[in-house]
1. Within region B:120-136, how many residues are in a helix (DSSP H, G or I) and either among the β-branched types (Val, Ile, Thr) or within 10 Å of chain A (Cβ to nearest Cβ) (or both)?
2. Looking at region A:218-247, which of its residues are without any contact (Cβ under 8 Å) to a residue 40 or more places away in the chain and closer than 27 Å to residue A:197 by Cα?
3. Being more than 26 Å from the chain's Cα centre (by Cα) and among the polar types (S, T, N, Q) is the filter here, so list the residues in region A:121-151 that pass it.
4. Can you pull out the residues in region A:68-89 that are among the charged types (D, E, K, R) and more than 14 Å from every other protein chain (Cβ to nearest Cβ)?
5. Considering only region A:91-121, state which residues are surrounded by fewer than 19 Cβ atoms within 10 Å (Cβ to Cβ), of a type in the set (A, V, I, L, M, F, W, C) and either in contact with a Phe, Trp or Tyr (Cβ under 7 Å, 6 or more places away or on another chain) or more than 17 Å from residue A:69 (Cα to Cα) (or both).
6. Going by the conditions given, is residue A:65 closer than 18 Å to residue A:182 by Cβ, surrounded by fewer than 23 Cβ atoms within 10 Å (Cβ to Cβ) and either more than 12 Å from chain B (Cβ to nearest Cβ) or among the hydroxyl-bearing types (Ser, Thr, Tyr) (or both)?
7. Scan (1) closer than 23 Å to residue A:45 by Cα; (2) within 14 Å of chain B (Cβ to nearest Cβ) for the single condition residue A:201 breaks and write down its number.
8. Mind listing whichever residues of region A:200-218 are buried (at least 22 other Cβ atoms within 10 Å of the Cβ) and assigned to a helix (DSSP H, G or I)?
Amino acid sequence: MRVRRLVVGVMLVGLAAIGCSSSAEAGSSHVTLTVLAASSLKNLFPKIGDQFTAAHPNVGFSFSFAGTDALTAQIEQGAPADVFAGASKKYGDELSSKGLIDVFSPFCTNSLVLVVPPSNPAGIQTLTDLTKPGFKLVIGSETVPVGAYTRAVLTNLNAVYGSGFSAQVLANVVSNEDNVEGVLTKVESGEADAGFVYVTDSKAAGAAVTTIMLPSNAQAVATYPIAVVKSSAHAIDAQAFVAFVLGPTGQGLLADAGFGPPAG
Amino acid sequence: MRTGRRGNVLPGVAAGVAAALLIGFVLLPVLAIFLRVSPGRLVTALHSRVALDALGVSVKTSLIAVALILVVGTPTAYVLATTNLRGRGLILSLLELPLVLPPAVAGIGLFAAFGRFGLLGGALRAVGVEIPFTQIAVVMALAFVASPFYVRQAHAAFAAVDPELLGAARTLGAGPGRAFWRVGVPVARQGLSAGATLAWARALGEFGATIMFAGSLQGRTQTLPLAIYGEFSGGDLRGALAIAALLVVVSAGLLVGVRAMLRTGRAALEPRWIRSSTLTSASR
């Protein structure tokens, strides 16, 4: 009994020492910003975060990537967060109208492409091949931005390929994924024959997918909103990070990854 | 148990508090669902296309999965419980593996085994079968995750059957198959039903393996749990709550139904000589 108490005591003292030393090392104000960001930012945002930390060593990051609809639901349910970076203005409007985020700034744009596995099991070469019955198409669900943009693009394509086009294509959907990563993974693994993802995803995937571009007049332009979450306990640092994303370093990294400028 | 010693009130109170805490912890979330969904809203949800489609997919796939588990799991559990097969402890442990595996592991494992580029993908394709994103994939995910719940219970039930009963059946000229079917299954029926109910409930609630291996498509692979998640992540908390309430009602309803069936079935079906011997062998 006495030995056990001694061990517990030593552990507690040790923990206290660790706690003191870590806060002492980082100065008194080490901050971890929780950033809720769209799945399509998964490759890029940690890099922007690293650059920000290089300039502000007392600020670290905890990123949570998911579909923008899920992120919005999380913030509405009171998830602790400092920055919201979504893939659709619709959800930025929803959150700011409910007073949950500050006024958002559009920080980049994105557009869609069609991707197929390099082995191309269904032999999809052009958009018209998408009407062939029986192949496996994976897209985003209706509520996640990539899924909404996909449906908008297909509707736009009705003007090019005839009014039944989008219905015929949608009949081949075998799964509505929660976020763009789900679509990309299923195409990369070859389990799906085709999927609609952002141009930045296909760029990041490189040779893992074959990309088929869409006619620019049928594109739906995805505008990405970024804002400080109202309930943030680190609003000043969060604001600095938002400014950093909108500034030259952030915009440079975004452009390198294939995102368009926010004005577009 | 009660010795009448007054000094032992404290443990009783502590156990009572612990039980109240546990009951509250389990019941509160279930109650909260119903407190946040008015009965009118629940009825509306029953008419929503998403909920109805998900209910159809869930009921169909879970019943098929449980049927498959029964057909394959019952003889397996019987053999493991009534013979001295070497390595049966190991086999039983292997069959129970899905109990401790995270469903996400089950999902990725099913892909690795039965996906288009999985171990058996080529062979399946050669005969024109592609499993991922189909209702077969849903059934497989459910069966994989739910089977141990039945096999475990069935094994325990068969192990509790008096070996002399089976021996007597054999002495009277019944083959092993007949002894299994005419004596083992009827005597163990209660345990088997309980196992089937547990497996069914687990199948109905399956989420992780399904969404990975079968994807999510309304009316085809979107089960009730997937629909709840879809509504929730789509920002429709009320829709998610309504489908959750539906799932609670369906699960609880079938549980009650199976129990009632068990009670009436036992009196009607059981031959008298078995009843008397189960009474003796099952008296604890």
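The values are calculated or read from the model by the stated rules, or taken from the named source; none is laboratory data. The structure presented is a predicted model; accordingly, all values stated were derived computationally and were not measured. No Cβ is skipped: glycine too gets one built from the backbone with ideal geometry, and neighbour counts run over all protein chains shown.
1. Keep residues of region B:120-136 that are in a helix (DSSP H, G or I), which gives B:121-126, B:135-136.
Among the residues that remain, those that are also either among the β-branched types (Val, Ile, Thr) or within 10 Å of chain A (Cβ to nearest Cβ) (or both) are: B:121, B:125, B:136.
Result for region B:120-136: 3.
2. Hit for region A:218-247 is A:247, nothing else.
3. A:125, A:126, A:128, A:131
4. First, pick out the residues of region A:68-89 that are among the charged types (D, E, K, R): A:69, A:76, A:82, A:89.
The answer is A:82, A:89.
5. Result: A:103, single match.
6. Details: closer than 18 Å to residue A:182 by Cβ: yes; surrounded by fewer than 23 Cβ atoms within 10 Å (Cβ to Cβ): yes; either more than 12 Å from chain B (Cβ to nearest Cβ) or among the hydroxyl-bearing types (Ser, Thr, Tyr) (or both): yes.
Criteria met by residue A:65.
7. (2)
8. Start the filter on region A:200-218 by keeping residues that are buried (at least 22 other Cβ atoms within 10 Å of the Cβ), which leaves A:200-202, A:209.
If the condition is that a residue be buried (at least 22 other Cβ atoms within 10 Å of the Cβ) and assigned to a helix (DSSP H, G or I), then A:200, A:201, A:202 are the ones that fit.
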